[in-house]
Amino acid sequence: MVFKLPFSGGSGFEQGNFGHRHAALKSAIASALAYAEDIDASDITVTVVETTIVLEGSVPSQNDMDRAMELAIAIAGAQVHNRLWRQAHH
């Protein structure tokens with residue numbers, strides 16, 4: 001499942017009301033990660049810093065990390081910074 005937001009220009013970061021757009025992007029990405037059945041995103045935090053989406057936290061596998069990035073890029077259509085790390089296996 002992928003959520004796209006109806007922003008003109010594709011990036012969602014055009015001049016205008018950044019606060020609402022940032023909140024909408026953050027919410028859409030966080031929701032997509034939470035509801036995606038093929039990823040464990042329970043420890044991922046989504047933030048927006050200027051014109052960049054930041055994913056931060058831990059994931060159990062490289063596949064989860066890759067999928068989180070795919071979802072964020074598909075929704076935001078903007079730069080996504082990966083600060084995710086894989087959890088250590090015990």
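The values are calculated or read from the model by the stated rules, or taken from the named source; none is laboratory data. Please read all numbers here as calculations on a predicted model, not as lab measurements. Heads up, the Cβs are rebuilt from the backbone with ideal geometry, glycines too, and the neighbour counts pull from every protein chain shown. All accessible areas refer to the heavy atoms of the entire protein, side chains included, with ligands and DNA or RNA removed. Shrake-Rupley method; radii C 1.70, N 1.55, O 1.52, S 1.80 Å.
Taken over the stretch 44-65, residues that are among the charged types (D, E, K, R) and surrounded by fewer than 14 Cβ atoms within 10 Å (Cβ to Cβ) amount to 1. For V48, the requirement of being within 11 Å of the chain's Cα centre (by Cα) and at pLDDT below 95 is met. When A28, A23 are screened for being assigned to a helix (DSSP H, G or I) and in contact (Cβ under 8 Å) with a residue 40 or more places away in the chain, only A28 passes. Counting only residues that are touching a Phe, Trp or Tyr at 6+ places or on another chain (Cβ under 6 Å) and either open to solvent by 70 Å² or more (accessible area, probe 1.4 Å) or among the hydroxyl-bearing types (S, T, Y) (or both), the stretch 66-90 holds 0 of them.
Within the stretch 31-84, the set of residues being assigned to a loop (DSSP other than H, G, I, E, B) and aliphatic (A, V, I, L, M) comprises A36, I39, A41, A78. Looking across E70, E37, E56, E50, one residue alone is in contact with a Lys or Arg (Cβ under 6 Å, 6 or more places away or on another chain) and not aliphatic (A, V, I, L, M). It is E56.
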